[in-house]
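To start, the structure itself, in structure tokens.
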Amino acid sequence: MLIEEIMNRSVVTLAPENSIKDALSIMSEKKVRHLPIVSSEGKVVGIVTDRDLKEAVPSVFSENKELDIFKLSLADIMTKNPIIGHPMDFVEESAVIFYENKIGALPIVSNNKLVGIITETDLLYKYIELTGAHQPGSQIEVRVPDIPGILFEVSKVLHEQKLNVLSVLVYPDKENPENKILVIRIKTMNPLNVIDELRLEGFEVLWPNVPGINI
């Protein structure tokens with residue numbers, strides 16, 4: 001999936017010469033937490049977050065009541081030359097950028113112009129959609145050997161049970177690097193039959209597997 005498919009194209013921005021007061025006002029009005037700072041040519045030159053503003057503005061409990069702080073320009077507090085993305089970048093690769101750099105938003109730029117923005121919330125919502133977690137269903141975790149064709153063997157059991165698959169995720173097995181863990185979300189509220197069939201085919205079902213409960 002590409003960034004252009006999930007990015008917000010209606011981006012709220014300010015200029016470097018705008019003030020902290022301007023940023024506080026527009027963040028409150030538009031209910032956003034990240035403001036790309038763009039030049040008069042439309043180039044992204046910085047980014048300001050709600051955290052930046054909280055650190056810049058004195059607390060109501062602070063002895064420093066200097067109101068001129070609100071007149072400071074955003075150029076004084078913005079993160080200059082922020083990390084940016086491109087509309088044709090993959091969502092998965094962008095998620096790695098968020099993770100490695102501990103950022104909350106990524107301005108999306110094409111031909112040196114700001115064309116959109118994605119936030120960590122956008123990525124979370126998309127993850128929920130891709131995994132089908134927002135739909136009624138059941139999750140099954142199966143330990144399988146890391147060999148070619150094993151997913152097909154598991155899918156045959158699901159096919160025989162006439163079950164629709166909402167998503168499949170593959171994780172490494174921390175206990176044995178020669179295995180993989182398949183996390184399968186299926187469109188049924190009663191996975192008991194398919195669990196029995198998977199076990200009959202020799203697969204190890206890790207979840208659901210509640211001690212003391214025979215499922």
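The values are calculated or read from the model by the stated rules, or taken from the named source; none is laboratory data. Everything numeric in this text was worked out from a predicted model, so none of it was measured. Here Cβ is always computed from backbone atoms with ideal geometry, including for glycine, and neighbour counts include all displayed protein chains. Calculation scope for accessible area: heavy atoms of the full protein, side chains included, ligands and nucleic acids excluded. Shrake-Rupley method; radii C 1.70, N 1.55, O 1.52, S 1.80 Å.
Quick look at the numbers
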item	result
Selection within the stretch 154-163 - open to solvent by 70 Å² or more (accessible area, probe 1.4 Å) and assigned to a loop (DSSP other than H, G, I, E, B)	K162
Residue identified as open to solvent by less than 60 Å² (accessible area, probe 1.4 Å) and either within 30 Å of A15 (Cα to Cα) or without any contact (Cβ under 8 Å) to a residue 24 or more places away in the chain (or both) among I195, I117, I140	I117
Test: residue in the stretch 48-60 that is under 22 Å from the mean Cα position of the chain (by Cα), without any contact (Cβ under 8 Å) to a residue 24 or more places away in the chain and buried (at least 17 other Cβ atoms within 10 Å of the Cβ)	no
Of all residues in the stretch 3-26 being under 22 Å from the mean Cα position of the chain (by Cα) and either among the small types (G, A, S) or more than 16 Å from P107 (Cβ to Cβ) (or both), the one that is most open to solvent (accessible area, probe 1.4 Å)	E5
L124 vs. criteria hydrophobic (A, V, I, L, M, F, W, C) and open to solvent by less than 80 Å² (accessible area, probe 1.4 Å)	no
In the stretch 97-153, the residues that are part of a helix (DSSP H, G or I) and closer than 30 Å to G202 by Cβ	L130, T131, I150, L151, F152, E153
Candidate set: the stretch 198-211, residues that are open to solvent by 30 Å² or more (accessible area, probe 1.4 Å) and assigned to a strand (DSSP E or B); chosen: the one farthest from R143 (Cα to Cα)	W207
Test: residue in the stretch 164-173 that is out of contact with any helix residue (DSSP H, G or I) (no Cβ under 7 Å at 6 or more places or on another chain), part of a loop (DSSP other than H, G, I, E, B) and open to solvent by 70 Å² or more (accessible area, probe 1.4 Å)	yes
Conditions (1) modelled with pLDDT under 95; (2) open to solvent by less than 50 Å² (accessible area, probe 1.4 Å): number failed by S40	(2)
Residue match in the stretch 53-60 (condition: touching a strand residue (DSSP E or B) at 6+ places or on another chain (Cβ under 8 Å) and of a type outside the set (K, R))	no
Some residue of the stretch 91-103 being closer than 11 Å to M7 by Cα and in contact (Cβ under 8 Å) with a residue 24 or more places away in the chain	yes
Cross-chain or 6+ apart pairs with Cβ under 8 Å, the stretch 16-37 first and under 13 Å from V57 (Cα atoms), then open to solvent by 70 Å² or more (accessible area, probe 1.4 Å)	S19/K71; I20/K71; K21/K71
Odd one out for S73 among (1) of a type in the set (G, A, S); (2) touching a residue at least 40 places away in the same chain (Cβ under 8 Å); (3) within 20 Å of Y125 (Cβ to Cβ)	(3)
